[in-house]
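Take a look at the structure below.
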C-alpha cells in the first residue's frame, strides 16, 4: 500500500557523476516519513518517465530534489515529480492506514497536506 507521497516536487538539479539515488530535502522527507536509503518509486509528471531508486537526504530547508546517476537521464531541472513509498500491512492495519502526503509549490515549499 502507499505509505508516503510527495506530490509535484520540482527537480532542482541533476548529477550524472553520482552512483544513483534521488536527493530529497531532509525536512520534506521527514514530513512524510521517508527514510534515507529507502526504496522509492518516482513518476516524472513532465515527461512520463517512471523509475525506482532510493532516498538520499539533502540539507533541510533547501528544497532540494536532485536526480543522481542514471536517474539524471530521466528528467531535468524544472520537471515535476511524484515521489512514492510503499509498505506491506496486515489487513487490520490496512483498514485504518492513511498515507502521509504533501503537495509542493513552485519552490518545493509545502502548500498542502493530504489525508485520504
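Within segment 58-116, the set of residues being crowded, with 18+ Cβ neighbours inside 10 Å, farther than 16 Å from residue 4 by Cα and either in contact with a helix residue (DSSP H, G or I) (Cβ under 6 Å, 6 or more places away or on another chain) or without any contact (Cβ under 8 Å) to a residue 40 or more places away in the chain (or both) comprises 58, 74. Which of the residues spanning segment 48-57 are surrounded by 15 or more Cβ atoms within 10 Å (Cβ to Cβ) and without any contact (Cβ under 8 Å) to a residue 24 or more places away in the chain? The answer is 51, and nothing else.
The number of residues in segment 23-47 that are surrounded by 15 or more Cβ atoms within 10 Å (Cβ to Cβ), in contact (Cβ under 8 Å) with a residue 60 or more places away in the chain and farther than 18 Å from residue 80 by Cα comes to 1.
Coordinate-derived values only; no laboratory data. Note that the coordinates shown come from a computational prediction; the quantities given were computed from them, not determined experimentally. For neighbour counting, all protein chains shown are included, and Cβ atoms are generated from backbone atoms with ideal geometry for every residue, glycine included.
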